[in-house]
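This report refers to the structure that appears directly beneath it.
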Amino acid sequence: MARYWIDYLQEVDLDAVQAVDAVSFSTPWSRATYLQELRSPQHHRCVGARFSAQPAIPPAQTVSTLRNRLRMLFRPLPVVPSSAGSLIGHGGIMRTAGVGHITTLAVAPQYRGHGIGALLLLGLIEQAYDLQVRRVELEVRVSNHHAQRLYTTFGFTCVARIPNYYPDNGEDADVMCIPDITTIAFREYLKARSDALSLRLQRDKAPVPLVPALDQAES
Ligand SMILES: CC(C)(COP(=O)(O)OP(=O)(O)OC[C@H]1O[C@@H](n2cnc3c(N)ncnc32)[C@H](O)[C@@H]1OP(=O)(O)O)[C@@H](O)C(=O)NCCC(=O)NCCS
């Protein structure tokens, strides 16, 4: 049975990350930018969504805090070494001035529409708790209705518009935020969302990887 899970990105993932970005963004981040983020975990957290067609592997001896926490969040999903799956999406969050800022989120095109974006967003919000922020914000292109809809389903609302935000075409950005992720109501919502998503990912048959460049060596 195919399996999906998330854990921290590592430097070894960057080729796969950049392959996803190349087909997701008109101005992808450089490798240097990702390296900077990966090397400052006190302010930045980068998570990856992974896929394996193999059955679950028993937990690694050194299971990361994130994987432990996500195992609790997505109890039915397996905990496996990060080298055992293909990277199919990724996201990042940065703490700045006490606010969690979602810096990037992308899913490989052939995996979209199966809940992987929502899985990553859950992982990023989990990291927001770990970074001890209440408010979570992001910018999204005004034309990116698909992403806006994903964010709206998590309770993000549009609080501002920044004109000419994107340098490639001068498009405006909507600023979306969740003002307080620490409320009981929001935590209950997250729990319900993660339970539903976990069931969906178990029963949904997302396609197997089609793009060799996105595959990590299975070991
Ligand atoms: C935005 C993105 C990350 C979403 O990833 P995804 O894996 O397709 O998202 P999901 O499958 O979890 O979908 C989550 C929600 O988005 C919405 N959605 C999904 N597919 C959609 C579609 N084709 N059209 C409109 N809305 C859609 C739905 O509300 C969906 O919720 P549902 O599954 O309960 O119906 C992905 O489309 C992507 O990588 N886009 C390019 C990069 C990008 O724009 N990143 C965001 C930058 S701000």
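The values are calculated or read from the model by the stated rules, or taken from the named source; none is laboratory data. In this text the structure is predicted, and so the values were computed from the model without any measurement. Cβ placement follows ideal geometry from the backbone for every residue including glycine, while neighbour counts extend to all protein chains displayed.
Annotation: of all residues in segment 104-141 being surrounded by 19 or more Cβ atoms within 10 Å (Cβ to Cβ) and of a type in the set (S, T, N, Q), the one that is modelled with the highest pLDDT is Thr104.
The residue that is surrounded by the fewest Cβ atoms within 10 Å (Cβ to Cβ), counting only those in segment 169-186 that are more than 17 Å from the chain's Cα centre (by Cα), within 16 Å of the ligand (Cβ to nearest atom) and not aliphatic (A, V, I, L, M), is Asn169.
Checking each residue in segment 4-41 for being in contact (Cβ under 8 Å) with a residue 12 or more places away in the chain and polar (S, T, N, Q) picks out Gln10, Gln18, Ser24, Ser26, Thr27. Give the residues of segment 1-49 that are basic (Lys, Arg) and outside any strand (DSSP E or B), sorted by residue number. Result: Arg31, Arg39. Among residues of segment 113-126 that are under 17 Å from Cys177 (Cβ atoms), those with a beta-carbon under 7 Å from a residue that is within 6 Å of the ligand (Cβ to nearest atom) and in a helix (DSSP H, G or I) at least six positions away or on a different chain give the pairs Leu121/Leu150.
Checked against (1) more than 9 Å from the ligand (Cβ to nearest atom); (2) buried (at least 16 other Cβ atoms within 10 Å of the Cβ), Cys158 passes all but condition (2). Before we move on, is Gly85 out of contact with any Pro (no Cβ under 9 Å at 6 or more places or on another chain), surrounded by 14 or more Cβ atoms within 10 Å (Cβ to Cβ) and at pLDDT 85 or above? Criteria not met by Gly85.
Matching residues to (1) closer than 25 Å to Val17 by Cβ; (2) in a loop (DSSP other than H, G, I, E, B); (3) within 13 Å of the ligand (Cβ to nearest atom); (4) of a type in the set (Ser, Thr, Tyr):
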{"site": "Gly123", "(1), (2), (3), (4)": "yes, no, yes, no"}
{"site": "Tyr129", "(1), (2), (3), (4)": "yes, no, no, yes"}
{"site": "Leu138", "(1), (2), (3), (4)": "yes, no, yes, no"}
{"site": "Arg149", "(1), (2), (3), (4)": "yes, no, yes, no"}
{"site": "Tyr165", "(1), (2), (3), (4)": "yes, yes, yes, yes"}
{"site": "Glu188", "(1), (2), (3), (4)": "no, no, no, no"}
{"site": "Lys191", "(1), (2), (3), (4)": "no, no, no, no"}
{"site": "Gln202", "(1), (2), (3), (4)": "no, no, no, no"}
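In summary, Gly91 fulfils each of the numbered conditions (1) under 17 Å from Leu197 (Cβ atoms); (2) more than 7 Å from the ligand (Cβ to nearest atom); (3) more than 13 Å from the chain's Cα centre (by Cα); (4) not charged (D, E, K, R) with the single exception of condition (3).
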